[in-house]
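Student: This is the structure, below, for whatever I ask next.
The values are calculated or read from the model by the stated rules, or taken from the named source; none is laboratory data. The model shown is predicted, which means the values in this text are computed figures rather than measured ones. Note that each Cβ is placed from the backbone with ideal geometry, even for glycine, and that neighbours are counted across all protein chains shown.
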């Protein structure tokens, strides 16, 4: 039987145990549907009115443009070294510790193209945190610490042409011209996508396009 979204929902819910919070990672290349899957899972798990699940994207740990300018890395925004990987790993550790307090996570504001601190509250009642991003399975530098805080990592896999189409459309939606969007995807995003694709076989589950919610 083909994998379905309902299968994914049941598998995510089964990660939680009494007395401990679970953290599910959703990886995949840029434009593969990670955010959409995470949002749908959290919405479905919270459908009864309780905030049993929380969504904490990796993208909140983008370095600000002012720091990328200082480092000379603005033209490679989105590459592994343009994130605070150590800060992301530390946050995942805090989420696993369950202090009984609200833990605040940053988000990435796409209209500003900047991270915003303290934007996502993870309340003590949240039994499952769904975190998503490109580099959850990357073994280099501080990224290598991330996997140890995740109960499972799923890898979203869609048709490459469709992934590129979505990515171009996203860049256009947030202000790039069509030509600029195509160039950015080909020259910057694709290098990142190639790194992510090399981590596919490290995932606990590969999620096909047929099981992914539509954006």
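Student: Can residue 89 be described as modelled with pLDDT of 95 or more, within 22 Å of residue 209 (Cβ to Cβ), out of contact with any strand residue (DSSP E or B) (no Cβ under 7 Å at 6 or more places or on another chain) and not in a strand (DSSP E or B)?
Tutor: no
Student: So is residue 25 at pLDDT 95 or above, under 26 Å from residue 94 (Cα atoms) and part of a strand (DSSP E or B) or not?
Tutor: yes
Student: Then there is this: Would it be correct to say that residue 68 is part of a helix (DSSP H, G or I) and farther than 16 Å from residue 127 by Cβ?
Tutor: When the stated conditions are applied, residue 68 passes them.
Student: Can you tell me which of 101, 50, 39, 97 is over 19 Å from residue 113 (Cα atoms) and under 16 Å from the mean Cα position of the chain (by Cα)?
Tutor: From the options 101, 50, 39, 97, the qualifying one is 39.
Student: Hey, among 144, 105, 119, which residue is surrounded by 13 or more Cβ atoms within 10 Å (Cβ to Cβ), more than 22 Å from residue 41 (Cβ to Cβ) and modelled with pLDDT of 95 or more?
Tutor: On inspection, the qualifying residue turns out to be 144.
Student: Anything in region 28-39 that is part of a helix (DSSP H, G or I) and touching a helix residue (DSSP H, G or I) at 6+ places or on another chain (Cβ under 7 Å)? List them, or say none.
Tutor: None - no residue of region 28-39 is part of a helix (DSSP H, G or I) and touching a helix residue (DSSP H, G or I) at 6+ places or on another chain (Cβ under 7 Å), so the list stays empty.
Student: Let me ask something else about it. Mind checking which residues of region 41-63 are in contact with a helix residue (DSSP H, G or I) (Cβ under 7 Å, 6 or more places away or on another chain) and assigned to a helix (DSSP H, G or I)?
Tutor: 41, 44, 45, 58, 61
Residue by residue, here is whether (1) touching a helix residue (DSSP H, G or I) at 6+ places or on another chain (Cβ under 6 Å); (2) in contact (Cβ under 8 Å) with a residue 60 or more places away in the chain holds:
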| site | (1), (2) |
| --- | --- |
| 75 | no, yes |
| 89 | yes, yes |
| 92 | yes, yes |
| 104 | no, no |
| 112 | no, no |
| 116 | no, no |
| 119 | no, no |
